[in-house]
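The values are calculated or read from the model by the stated rules, or taken from the named source; none is laboratory data. Quick caveat, the model's predicted, so the values are computed rather than measured. Positions of Cβ are generated from backbone atoms using ideal geometry, with glycine treated the same way; all protein chains shown enter the neighbour counts. Heavy atoms of the whole protein, side chains included, go into the accessibility calculation; ligands, DNA and RNA do not. Shrake-Rupley method; radii C 1.70, N 1.55, O 1.52, S 1.80 Å.
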Amino acid sequence: MRRIIAFVAVCLSLSLGLSAQPPGAGRAGNFTSMNAGHIYGKVVDAKTNRGLDGASLQLIGNRFDSVNKKMVQFTLRAGITQPNGDFDFDQLPVFGKLTLRVTAIGYKDVSQTIDFGFGGGRKGGANGSQAPATSGDPSSAMQNMMNMIDRDLGNIKLEPAETNLENVTVTSVKQLFEMGVDRKVFNVDRNIVSQGQTATEVMKQIPSLSVDIDGNVTMRNATPQLFIDGRPTTLTLDQIPADIIDRVELITNPSARFDASGGNAGILNIVLKKNKRIGYNGGLRFGVDSRGKINTGGDFNLRQGKLNFFLNGMYNQRLSKSTSNTQRQNFDQKSTAFTQNSNGRNEGSMAFIRGGFDFLADNRNTFTLSGNYNRGQFSNMETQLIDSLSQGTALSNSNRTTTTEANFRNWGSQFSYKHNFAKAGHEWTADVNYNSSKNDNLGNFVTKTYNVVNASSYPDFIQRTTGGGKSTNLVIQTDYDNPITDKKKVEFGARVQIRDFENVNSQAFYNSTTGSFITIPSISANYMYTDKVYAAYGTYGFKAKNWSYQFGLRAESSDYNGKLAGKDSAFNVNFPISLFPSLFITNKMSDKEDIQFNYSRRINRPNFFQLMPFIDFSDPQNLNVGNAGLKPEFTNSFEVSYNNNYKKGANFLASVFAKYNTDLITRYQYKAPSPIEPSDSVIFNTYANANESFTYGIELTNRMPVVKNWDLTVNLNVFNSQINGNILGQELKQQRTSWFVKVNNSIKLPKGFTIQLSGDYYAKTVLPQEGGRGGRGGFGGGGMMFGGGQQVTAQGYILPRYSFDIAVRKEWQLKGGNTLSANLAMNDFLRTQKYGTHSESIYFVQDSERRRDPQILRLNLQWRFGKFDANLFKRKNNRQEDSDGGVMGGM
């Protein structure tokens, strides 16, 4: 009976469509009349012929868009297969062509065209065939008609494929790196060496980036700005869990759209994972290392109707051990020298939680609210043995013990709004980002000094440092994008950033007579500042044949207001409006080749610690003081990049770059009487503007399949740095050519095994000429007495170093598309990583060598789950909510 009713409906449709066709009804895909089509079939594994449960089905049709006056695709139906793989769709339009898309976890996508054989009002069918005859033998015509509208698609076979199960979504295998108009994108979500660790370990695996022993990251020998999801953050790399990172974007030469601050290093943008696929998915993680420290975490995503909810968190314990040796020769009258050997132990834990939701109000408007909170507590103990000599003769030896307790807390929130106009790519966004951080620390320093016969020569010197601080960072930003035509586009935006910072540093010394600590106000400080940056930008882009052009201009101004609480000391530094042009020219040589030229002008404004004209006494051997007269440092950057996807699974990227800096902010040293003991002289570290610096180099990255299932990525950076300056009679000239290479092997073995082996080698490198507390990226690092960490001066270099990391992963496919994986990894497994520096000035020469955390073995387990379940939907069919676009080019 059902087939007869459908036959009658089609006959009525045909008679109306062919005999009384209205104007314009002949357009293909204009679904008119009653819907009587019916399709059914089964989705099976191509190898086992087993029916696939939960495969996603999407039926795509065409509709005429009255605004754009053209046909556009839309989702007609969506659903999933039954447990045995069966599916069924009825009440479908019989005119025009439909496309059925089938996806399943662990399988290649399949698309199949469906044509019921009716020509949408034309004389011929969709393939030029005639519409079915309605005359002649009625029973034959009826049977023919019913066969056409009732279509059995049979078994649709899906081939197994490599899948990315990190987010339990079906995607094609991502290339390791991609080149966009203004950035290079490195997809790191399958990196197994850094699993269970932090973003610092992720950066060690990324080409183009250099990471030192303390986790300080540089890009082309300078520190980049750190962004999270395209916005500045108060987080540091070691506070971001590696397992929530989706990809890392290296913006080596930012366009006018981005903040011009940050000097000559560009932007390091970390994009966190967030899934918007309909249904639910998530994962749980647990790991332990060879020092008995655990890490655990999880994430969960739920997309139901108009809401997309996401939540992830982690808890990580750490135990870090380090050893170092420092030798320093002073150029004074007594020719004093020091040898220092240190052993450090840092232990603690941190927790991180991030959550939020997207509200998809309609196809045009989306609201997002998210927040994160992380907290950590660490204790550090370091012992230092210091031998002092004068003209080669032993004077004394000291035993210095340092114990510190530190806590930090960080809150972050974001509210954003996005409006999509009818035209694809035409959008307006606005967001507010607020971050707040707070920290406190307590340090005790005990120094015991002995003479050459090992007898105590001085009373114990006991110092206590109590410190803390808090900061807030508010960013308000709006962006407007409008593709005027298919070949022209304009962008406009504005941004306000306001940072408030406060720091307390109290220095006290133990008085053996009173038996208590006495605070010394002259060397204690409570200082605060407010930093405001205002900006606006515009860009214009267009295409001409195979060429793309983008011109941009950004205007920025800022001011600092700082003061020392409790004292009549304040300063204000205003930077007037400056203009920052950018230019990007790209030529698409073929479907596989692109070449791009770009230029930008950027600024590095001195930070508060570099400007603050107050003495920092936290290290009595190296006093720091700012320079309120510093000028901003301007950078002109040029880059030419060539990208070639020369064969399947292979990619070659070459970049030639040059950077010219004026008024380079650098450190220099001078000797003056000690504010505590005027009879003694101490070395002061401060900042000044060098005349200029020039850096140029070439970067080559190649990814290729050596053989089947073995991918090799090689990255080579060669660069030359030159510095020219003259500060108070000190000649600051230095130049050095250096290079580093990174190699990453990924080998897939049978039975779900994967091996990753990576290594790097860094040649002798000039010390980066930047820094200061609270520096550009906030990437943080270690330090010790006599500058045993990175000593940033205008004269110095980093010694060659190399290391190797290895990891093995085993994956199991579980029922319902869930997965379980076990990961075993070891960093620096050959114990070759040593970090050495050489620095010198007119006052001393110093050599340091450090080793930190070699050969740590880590075991991590991860369970991924998820299902795209149609029962989660409030409506029977989810039309257009999970498609690529609606009728008007919606979400």
Members of region 796-808 found to be over 25 Å from the mean Cα position of the chain (by Cα), in a strand (DSSP E or B) and at pLDDT 90 or above, listed by number: 801
Residues of region 651-670 classified as within 29 Å of the chain's Cα centre (by Cα) and open to solvent by less than 40 Å² (accessible area, probe 1.4 Å), total: 11
Region 393-408, residues that are over 33 Å from the mean Cα position of the chain (by Cα) and open to solvent by less than 70 Å² (accessible area, probe 1.4 Å): 394, 396, 397, 398, 399, 400, 401, 402, 403
Entirely in region 440-537, the strands (runs of 3 or more DSSP E) that have 3 or more residues that are of a type outside the set (Ser, Thr, Tyr): 461-485, 488-511
From the options 313, 283, residue that is open to solvent by less than 10 Å² (accessible area, probe 1.4 Å), in contact with a Phe, Trp or Tyr (Cβ under 8 Å, 6 or more places away or on another chain) and over 30 Å from residue 598 (Cα atoms): 283
Residue satisfying all of: in region 240-259; surrounded by 22 or more Cβ atoms within 10 Å (Cβ to Cβ) and of a type outside the set (A, V, I, L, M, F, W, C); nearest to residue 651 (Cα to Cα) among these: 252
Number of positions in region 566-589 that are outside any strand (DSSP E or B) and either open to solvent by less than 40 Å² (accessible area, probe 1.4 Å) or among the basic types (Lys, Arg) (or both): 1
Residue selected from region 482-494 under the condition among the charged types (D, E, K, R) and either loosely packed, with under 15 Cβ neighbours inside 10 Å or within 23 Å of the chain's Cα centre (by Cα) (or both), by the criterion modelled with the highest pLDDT: 488
Some residue of region 436-455 being modelled with pLDDT under 95, open to solvent by 70 Å² or more (accessible area, probe 1.4 Å) and either of a type in the set (Ser, Thr, Tyr) or under 30 Å from residue 583 (Cα atoms) (or both): no
Strands (runs of 3 or more DSSP E) fully within region 193-265 counting 3 or more residues that are more than 29 Å from residue 658 (Cβ to Cβ): none
Hits in region 671-697 (condition: hydrophobic (A, V, I, L, M, F, W, C) and open to solvent by 40 Å² or more (accessible area, probe 1.4 Å)): 676, 694
Residue list for region 492-535, filter: of a type in the set (Gly, Ala, Ser) and closer than 22 Å to residue 473 by Cα: 493, 494, 535
Residue in region 342-362 that is open to solvent by less than 30 Å² (accessible area, probe 1.4 Å) and not in a strand (DSSP E or B) present: yes
Pairs with Cβ under 8 Å, 6+ apart, first in region 407-424 and more than 18 Å from residue 351 (Cβ to Cβ) and at pLDDT below 95, second of a type in the set (S, T, N, Q) and open to solvent by 50 Å² or more (accessible area, probe 1.4 Å): 420/363; 422/68; 423/68
All positions within region 286-310 that are over 21 Å from residue 824 (Cβ atoms), open to solvent by 20 Å² or more (accessible area, probe 1.4 Å) and in a strand (DSSP E or B): 299, 300, 302, 304, 307, 309
Single match in 545, 563 (criterion: over 30 Å from residue 613 (Cβ atoms) and either loosely packed, with under 15 Cβ neighbours inside 10 Å or modelled with pLDDT under 90 (or both)): 545
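For region 623-634, enumerate the residues that are outside any strand (DSSP E or B) and open to solvent by less than 40 Å² (accessible area, probe 1.4 Å). Reasoning before the result, please.
Filtering region 623-634 down to residues outside any strand (DSSP E or B) leaves 626-632.
Across region 623-634, the qualifying residues are 626, 630, 632.
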Cross-chain or 6+ apart pairs with Cβ under 8 Å, region 827-845 first and under 30 Å from residue 195 (Cβ atoms), then assigned to a loop (DSSP other than H, G, I, E, B) and of a type in the set (S, T, N, Q): 827/855; 828/855; 829/855; 831/855
Single unsatisfied condition, residue 420 versus (1) of a type in the set (S, T, N, Q); (2) open to solvent by less than 30 Å² (accessible area, probe 1.4 Å); (3) within 32 Å of the chain's Cα centre (by Cα); (4) within 30 Å of residue 571 (Cβ to Cβ): (4)
Failed item in (1) modelled with pLDDT of 90 or more; (2) within 24 Å of the chain's Cα centre (by Cα), with residue 308 passing the rest: (1)
Selection from region 38-84 of residues that are touching a Phe, Trp or Tyr at 6+ places or on another chain (Cβ under 7 Å), aliphatic (A, V, I, L, M) and open to solvent by 40 Å² or more (accessible area, probe 1.4 Å): 71, 80
